[in-house]
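For reference, the structure is listed below as structure tokens.
Any read-out appearing in this document is the output of simple, stated calculations on the displayed coordinates, not a laboratory observation. What you are looking at is a predicted structure, and each value in this text was computed from that prediction instead of being measured. For neighbour counting, all protein chains shown are included, and Cβ atoms are generated from backbone atoms with ideal geometry for every residue, glycine included.
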Amino acid sequence: MTPNQPYLFRAFYDWIVDNDLTPYIVVDAHYAGTQIPQEFVQDGQIVLNISPNSTGNLQLGLEHIMFDARFGGVPRNIVVPCPAVLAIYAKENGAGTVFTVEENIGSDEIEESPLPEAPPKPKKGKPRLTVVK
């Protein structure tokens, strides 16, 4: 069977846009075939605004997401293989989804990337929740 991640991605994109919110994606910048502005990559990832107002010629295909966008005023052609998309969410409220490794498997084009560092051990005491954007 084909991977379900591109279908889920498009469904979340449509849902976010239909609710007048701004869709952002988190992309693995080291995935093979990813064409993004490397100067904006942080910790091996890049967050991209893919709203209809921020992109031109947006194509949500089964293998790639392609669009034109400006970065620092410079026009760029962006190509993101679907398995490189780690998450899609609405900027305004964080609603969306994170794709698991199993959903992203289905391509032999995965580059080896270093494993992320283990998070620091939590401090003892009262638990706290933080908003991550």
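Residues in the stretch 73-100 that are surrounded by fewer than 17 Cβ atoms within 10 Å (Cβ to Cβ) and farther than 27 Å from V131 by Cβ: how many?
Looking only at that region, the number is 6.
Restricting to the stretch 1-36, give me the number of residues that are among the aromatic types (F, W, Y), closer than 17 Å to A95 by Cα and out of contact with any Leu (no Cβ under 8 Å at 6 or more places or on another chain).
2
Is one or more of the residues making up the stretch 5-19 touching a Gly at 6+ places or on another chain (Cβ under 9 Å), surrounded by fewer than 19 Cβ atoms within 10 Å (Cβ to Cβ), among the charged types (D, E, K, R) and in contact (Cβ under 8 Å) with a residue 12 or more places away in the chain?
no
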